[in-house]
Amino acid sequence: MGGGKKHIDRSDFLKGRLEGALSDEPMKMFSSWYQEASEKNCADPHAMIISTVDDGKPSSRIVYMRNLMEEGFVFYTNYESRKGTQIMSNPHVSALFYWDCAERQVRVEGKVEKVDPQLSDDYFNGRPRISQIGAWASNQSSRIESREELEERVAHFEKKFPDIVPRPPHWGGFILIPEYVEFWQGRLGRLHDRICFEKKEKNNWDIFRIAP
Ligand SMILES: Cc1cc2nc3c(=O)[nH]c(=O)nc-3n(C[C@H](O)[C@H](O)[C@H](O)COP(=O)(O)O)c2cc1C
């Protein structure tokens, strides 16, 4: 970074606090934070950064959480993409939500599995036609020669499926089932709140606070 400024602007975190908002179950707590982020019109509250690990090396990208289930967080993607193949060989994934307008972040760590094909069908069938065609046309994460190549594939599948577009077998949902969830609330003077949930056994969570 150039210029005379040594540091990015400091801002004090004043927008929220945790008291009274605690829950005994992280998905319930997440659900109320997510609702608050949506009500406050945080930008893209359902955007999450997911990190996968291949041979010890992490890689990250944004996906949209499309279903919030009691068991975990569902997103949709190409099962043969870079993230898809990484998940198949190593299901341990972390996810991060950041809601600037609420000065909150939520960190999730857990394991990912494919969702029931019926759920993927339901979601796919409700998508706009152009996105459905795109799921066939794009071999996500593979090298292509040019933009034209992609557009030709779109034209090909437009013709192939003039009416209903079936869900491609390589496209569907993954669910991240949490084993660790940390709720971070920005507070004054960098004395932020960090409340963690660590899974012990089914529906039994160790809940503790850690230093900011
Ligand atoms: C705001 C935003 C939302 C996105 N949502 C999705 C999504 O829901 N599913 C998806 O496969 N890719 C989504 N992407 C694209 C991914 O970030 C990524 O480029 C793509 O999935 C390929 O990643 P991979 O090569 O690591 O598999 C989104 C990107 C952005 C910026």
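The values are calculated or read from the model by the stated rules, or taken from the named source; none is laboratory data. Given the structure is predicted, the values throughout are model-derived calculations rather than measurements. We place every Cβ from the backbone using ideal geometry, glycine too, and count neighbours over all the protein chains shown. When the accessible area is computed, the model is the full protein with side chains, heavy atoms only, and any ligands, DNA or RNA have been set aside. Shrake-Rupley method; radii C 1.70, N 1.55, O 1.52, S 1.80 Å.
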Q. Looking at (1) farther than 30 Å from residue 212 by Cα; (2) among the charged types (D, E, K, R); (3) under 21 Å from the mean Cα position of the chain (by Cα), can you tell me which one residue 147 breaks?
A. (3)
Q) Which one of these does residue 74 not meet: (1) within 11 Å of the ligand (Cβ to nearest atom); (2) out of contact with any Gly (no Cβ under 9 Å at 6 or more places or on another chain); (3) modelled with pLDDT of 95 or more? A) (2)
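Of the residues 44, 54, which single one is more than 25 Å from residue 212 (Cα to Cα), within 15 Å of the ligand (Cβ to nearest atom), at pLDDT below 95 and open to solvent by 20 Å² or more (accessible area, probe 1.4 Å)? Spell out the reasoning first.
Working: 44 fails: at pLDDT below 95.
Of the residues listed, the single one that is more than 25 Å from residue 212 (Cα to Cα), within 15 Å of the ligand (Cβ to nearest atom), at pLDDT below 95 and open to solvent by 20 Å² or more (accessible area, probe 1.4 Å) is 54.
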Q.
Within the range 123-140, take every residue that is among the polar types (S, T, N, Q) and either in a loop (DSSP other than H, G, I, E, B) or free of Cβ contacts under 8 Å to residues at least 12 places away in the same chain (or both) and give me the one that is surrounded by the most Cβ atoms within 10 Å (Cβ to Cβ).
A. 138
Q: For the range 180-198, name all the residues that are of a type in the set (Gly, Ala, Ser) and either under 20 Å from residue 101 (Cβ atoms) or in contact with a Lys or Arg (Cβ under 9 Å, 6 or more places away or on another chain) (or both).
A: 186
(Q) Filter the range 58-94 down to the residues that are open to solvent by less than 20 Å² (accessible area, probe 1.4 Å) and in a strand (DSSP E or B) and list them by number. (A) 59, 63, 65, 73, 74, 75, 77, 78, 93
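If I filter the range 144-154 for residues that are of a type outside the set (S, T, N, Q) and either in a strand (DSSP E or B) or in contact with a Phe, Trp or Tyr (Cβ under 6 Å, 6 or more places away or on another chain) (or both), do I get at least one hit?
No, the range 144-154 has no match at all.
Filter the range 170-197 for residues that are open to solvent by 70 Å² or more (accessible area, probe 1.4 Å) and not basic (Lys, Arg) and give the result. Give the steps one after another, and end with the answer.
Within the range 170-197, the first condition is being open to solvent by 70 Å² or more (accessible area, probe 1.4 Å), and the residues that meet it are 179, 188, 190-191.
Passing the criteria: 179, 188, 191.
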Q: Within the range 115-146, track down each residue that is more than 14 Å from the ligand (Cβ to nearest atom) and charged (D, E, K, R).
A: 116, 121, 122, 129, 145
Q: Select from the range 95-120 the residues that are part of a strand (DSSP E or B) and open to solvent by less than 40 Å² (accessible area, probe 1.4 Å) and list them in ascending order.
A: 95, 97, 99, 104, 106, 108, 110, 112
Q. If you check every pair at least six apart or on different chains, which have Cβ atoms under 7 Å apart with a residue in the range 84-113 that is under 16 Å from residue 175 (Cβ atoms) first and a residue that is open to solvent by 10 Å² or more (accessible area, probe 1.4 Å) and in a loop (DSSP other than H, G, I, E, B) second?
A. 111/91; 112/91; 113/91
